[in-house]
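Here is the structure we will look at, set down as structure tokens.
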Amino acid sequence: MMRSTYGTAMCAAMSAIAWGLAAPAMAETASADAGAEPEAPASSPIVVTAQHREQSAQDVGIALSVVGQDMLRERGITNVNQLQDAVPALQVEPAFGGGAPQFRLRGVGFQDYASNNSPTVGVYVNEVAYPVPIMTQGLIFDVARVEVLRGPQGTLYGRNTTGGAINFVTNRPTDTLHAGGTLEYGRFGAFNGEAYVSGPLADGVSLRLAGATQQGGAFQHNRDTGASLGDANRWGGRALLQVAPRGSGLTMLLDFHYGRDTSEATGLYLLNPLHTRGGAGPTIPADTDRNATGWGVSPQLIADTDLTARSKPGVNNRTWGVSANVAYDFGPVTFTSITSYDWLSREQFGDWDASASIEADTFFGSKVKVFAQEARLSNSKPGPLTWVAGVYYSQQHLNERYFSDFLDIYGTYARVNYAQAVESVSVFGQAEYQFTPRLRAILGMRYEHETRALDGFGSAFGGATALPPTSVDTAMDPFTGKVALQYTPAAHVMVYASASRGTKSGGFTTYNTGNSSGIQPFRPEKINAYEVGFKANPLPIVQINGSAYYYDYHDQQVLSAVWGANGPVGRFTNADKSRVLGGELELVLTPVKGLSINQYLSYSEGKYLDFQDLDVAASRAAGGPVYTDKSHTPIPFPQWSWGGGLSYARPVAGFVVTPSTTFTYRSKYPSWLGTTYDIGAYVVINAELSLAPANGKWNLALWGRNIFNEKYDLTRNFFTSADIAQPARPASYGVRFSVNY
């Protein structure tokens, strides 16, 4: 349960805006950026393209949430990880404090700090998939909306996922000249800047240029030297060229994007005392200040990388990509081709012992290349039958170096080098038929062939070869699909029921190992998902959506251990059978003009039904595999998430004053590693007060985030001898100015 202080804090935040409820609003809120779709009240439909055509979100028989650009700004969301504060049942955990993102949606997730395995949640930008999780960590900017779809996806998308999909839709080029930007400055010297210009180049040709930067924000310090840690240094740019000659039936969107990130990491703090050098060195007390941390760089890492003795934990990443989305309307059908290429160079230094001692220092050096081609046909004319069918091809290439320095505790230094190639070909399609004005049925199917090859995986400890270059591969040929019914029993009420099947690729465990058993492939996981839901607008001022689901989980991928030729080996394995169930409710109220109240509540609960897990200690003692029956034990993840917001636009002397507040609650996150690593329940409350002229050309806002300074962690873990945690940002406040013409 939430502590009573949570309720007190909530009441305090709500009272901060209550003064604005005394009179009805007489003017609209500030307008959105040109080329974007403004966020709408409950009485106005929010248009989405989740099914590759424009529809009201209330007409789509899928559990989905839409986060508009105003909410992104108000909550300070600048990367995909922070979406968990605005979307029900979504969790994005930074692996070991700043590594690869670990996505979980409705309890379906995958915990992996390496770079080579596929996620449970697909991330798309303008319909282009980012199948390597570390590629999703760029800046979010100039985004019109984010559509988050819950449940297995694959009959409409190039990738196949078990958890869901996150679709970023950027603002499009405009037919008239527009320009604008946003400047934001906050506590700890945090600065965010964003700008765009958009307009026509010729008849039927328009261009949009957008860029953004994120700077500063360090809130941590080295406990020994006082040096700061956590300053951001991120840049991003995008050029969109749209060609749509009038009357030609042709629409082409070219997307060029670039990103640069040399940011410092968020540091880790010590949960317990660290007895360095296995107890032979000094003891560092547990941190009572969550903003304290420590780091050091060993001579070996300096020799092997571009790091220097003055380097801080952080990244040195570059990304760029290009895509072409070409559609031609032939009359009865529309042909769409999406061609994309994305490239990432990653260098990431992490200090996982949070000290100057060399107990657990790591370095990732990654090169990623992804080419994809999607082609699909869909019917152009409205009618009782709507359909889409397509093919998808993708090639991924990853080259990675992973170095681990354990000199002060184990007296050794580990090197891992490998390459991975993934090739995927799939055929997918979905048809929707309206039998009556009230009843429609949906049928979708997908067949996929994927090969995944780990090439030349080799490891060395202390300069001596532990595992010579070894190659292994795996493949899958899943047939998945979906069947659903949508029924409209009354005006503004829709109910739906669906059964679907999704698959997540198998893969390889690419951690430090000198045993070939450690890199043997684990199997794909499969989910049979059953869902019922409703979407209703019973009154013009009320929108309420709900869903309930049951997931039949087979071969769930779990980080554990297997018995190898030389004993137990840490590796991903498969739990034969599991299940996840839960539900969500989302509510939007607009009782008077200018007033908006939104709430969401989600619950997920999971259990292993058949899981024989290796008992490492007992197996070592017995000299052979000994298993523990973990059947009917919980799958560890937060069960409850609750959030929402309240805003009221009030006219004052030709201006619009808008006080607002948002909050996020997440229940306890139990760890499979033990209670030391559990993350307790927390509530985060934000507040904002904005001023804009009635025409909405500019907006000035004062904001506060985590205004009651809730102390909570984003992740907890251990590596070698250090029990560590990554803290969330403390209370911050600042000012933001936006202009749009």
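The values are calculated or read from the model by the stated rules, or taken from the named source; none is laboratory data. Because the structure is a prediction, the values reported are computed rather than measured. Here the Cβ is made from the backbone with ideal geometry for all residues, glycine too, and neighbour counts use every protein chain on show.
Before moving on, here are some points about what is shown:
- Residue satisfying condition, being among the hydroxyl-bearing types (S, T, Y), surrounded by fewer than 16 Cβ atoms within 10 Å (Cβ to Cβ) and assigned to a strand (DSSP E or B), within set Y402, Y393: Y393
- Which numbered condition D555 misses (of (1) on the phi > 0 side of the Ramachandran plot; (2) surrounded by fewer than 17 Cβ atoms within 10 Å (Cβ to Cβ)): (2)
- Criterion: under 21 Å from I134 (Cα atoms) and in contact (Cβ under 8 Å) with a residue 12 or more places away in the chain - qualifying residue of F435, F403, F428: F403
- Only one of the numbered conditions (1) more than 20 Å from F110 (Cβ to Cβ); (2) surrounded by fewer than 20 Cβ atoms within 10 Å (Cβ to Cβ); (3) at pLDDT 90 or above is not met by N566, and that is (3).
- The residue that is farthest from A414 (Cα to Cα), counting only those in segment 273-295 that are in a loop (DSSP other than H, G, I, E, B) and over 30 Å from the mean Cα position of the chain (by Cα), is T288.
- The set of residues in segment 676-693 being among the hydrophobic types (A, V, I, L, M, F, W, C) and in contact with a Gly (Cβ under 8 Å, 6 or more places away or on another chain) consists of A687 alone.
- Some residue of segment 104-121 being hydrophobic (A, V, I, L, M, F, W, C), in contact with a helix residue (DSSP H, G or I) (Cβ under 8 Å, 6 or more places away or on another chain) and crowded, with 23+ Cβ neighbours inside 10 Å: no
- Breaking point among (1) surrounded by fewer than 24 Cβ atoms within 10 Å (Cβ to Cβ); (2) touching a Gly at 6+ places or on another chain (Cβ under 8 Å); (3) at pLDDT below 95; (4) not hydroxyl-bearing (S, T, Y), for A165: (1)
- Subset of segment 637-683 [closer than 24 Å to N709 by Cβ, part of a strand (DSSP E or B) and of a type in the set (D, E, K, R)]: R666
- Residue within segment 311-325 that is part of a strand (DSSP E or B), charged (D, E, K, R) and touching a Phe, Trp or Tyr at 6+ places or on another chain (Cβ under 6 Å) present: no
- In segment 176-190, the qualifying residues are those that are surrounded by fewer than 16 Cβ atoms within 10 Å (Cβ to Cβ) and not polar (S, T, N, Q), and the one that is nearest to G734 (Cα to Cα) is Y185.
- If you go through segment 70-100 and keep only what is in a strand (DSSP E or B) and farther than 25 Å from W703 by Cβ, you end up with just E93.
- Members of segment 692-722 that are under 18 Å from F96 (Cβ atoms) and in contact with a Pro (Cβ under 9 Å, 6 or more places away or on another chain): Y712, D713, L714, T715
- Residue within segment 642-656 that is modelled with pLDDT of 95 or more, over 24 Å from Q69 (Cβ atoms) and touching a Pro at 6+ places or on another chain (Cβ under 9 Å) present: no
- Pairs are defined by a Cβ separation below 6 Å, a sequence spacing of at least 6 or placement on different chains, a first member in segment 272-284 that is of a type in the set (V, I, T), and a second member that is not in a loop (DSSP other than H, G, I, E, B); the pairs so defined are T283/H275; I284/L274.
- Every pair of residues 6+ apart whose Cβ atoms lie under 8 Å, when the first sits in segment 686-708 and is without any contact (Cβ under 8 Å) to a residue 12 or more places away in the chain and closer than 19 Å to F655 by Cβ while the second is outside any strand (DSSP E or B) and among the β-branched types (V, I, T): none
- Residues located in segment 161-205, provided they are assigned to a strand (DSSP E or B) and among the acidic types (D, E): E184, E194
- Filtering segment 220-271 to residues that are over 30 Å from V205 (Cβ atoms), over 27 Å from the mean Cα position of the chain (by Cα), touching a residue at least 40 places away in the same chain (Cβ under 8 Å) and assigned to a loop (DSSP other than H, G, I, E, B) leaves R223, D224, A227.
- Among the residues of segment 170-208, none is identified as among the basic types (K, R) and free of Cβ contacts under 8 Å to residues at least 12 places away in the same chain.
- Flag for A212 being part of a strand (DSSP E or B) and at pLDDT below 95: no
- Condition check for I409 on (1) hydrophobic (A, V, I, L, M, F, W, C); (2) assigned to a strand (DSSP E or B); (3) more than 26 Å from the chain's Cα centre (by Cα): one failure, at (2).
- Count - residues of segment 274-287 that are over 27 Å from G462 (Cα atoms) and either at pLDDT below 95 or crowded, with 21+ Cβ neighbours inside 10 Å (or both): 1
- Cβ-Cβ under 7 Å pairs, at least 6 apart or on other chains, segment 370-381 side over 17 Å from E423 (Cα atoms), far side part of a loop (DSSP other than H, G, I, E, B) and modelled with pLDDT under 95: S378/H52; N379/P332; S380/G331; S380/P332; K381/P332
- Pick from segment 290-319, criterion touching a helix residue (DSSP H, G or I) at 6+ places or on another chain (Cβ under 9 Å) and of a type in the set (S, T, Y), ranking: surrounded by the most Cβ atoms within 10 Å (Cβ to Cβ): T319
Here is a yes/no grid of residues against (1) in contact with a strand residue (DSSP E or B) (Cβ under 8 Å, 6 or more places away or on another chain); (2) surrounded by fewer than 19 Cβ atoms within 10 Å (Cβ to Cβ); (3) modelled with pLDDT of 95 or more:
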{"site": "A497", "(1), (2), (3)": "yes, yes, yes"}
{"site": "T509", "(1), (2), (3)": "yes, no, no"}
{"site": "N512", "(1), (2), (3)": "yes, no, no"}
{"site": "S517", "(1), (2), (3)": "yes, yes, no"}
{"site": "I527", "(1), (2), (3)": "yes, no, yes"}
{"site": "E531", "(1), (2), (3)": "yes, no, yes"}
{"site": "K535", "(1), (2), (3)": "yes, no, yes"}
{"site": "P540", "(1), (2), (3)": "no, yes, no"}
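- For segment 193-215, a tally of residues being within 23 Å of H257 (Cα to Cα) and either touching a Phe, Trp or Tyr at 6+ places or on another chain (Cβ under 8 Å) or among the charged types (D, E, K, R) (or both) returns 9.
- The set of residues in segment 583-636 that are part of a helix (DSSP H, G or I) and touching a residue at least 40 places away in the same chain (Cβ under 8 Å) comprises V616, S619, R620.
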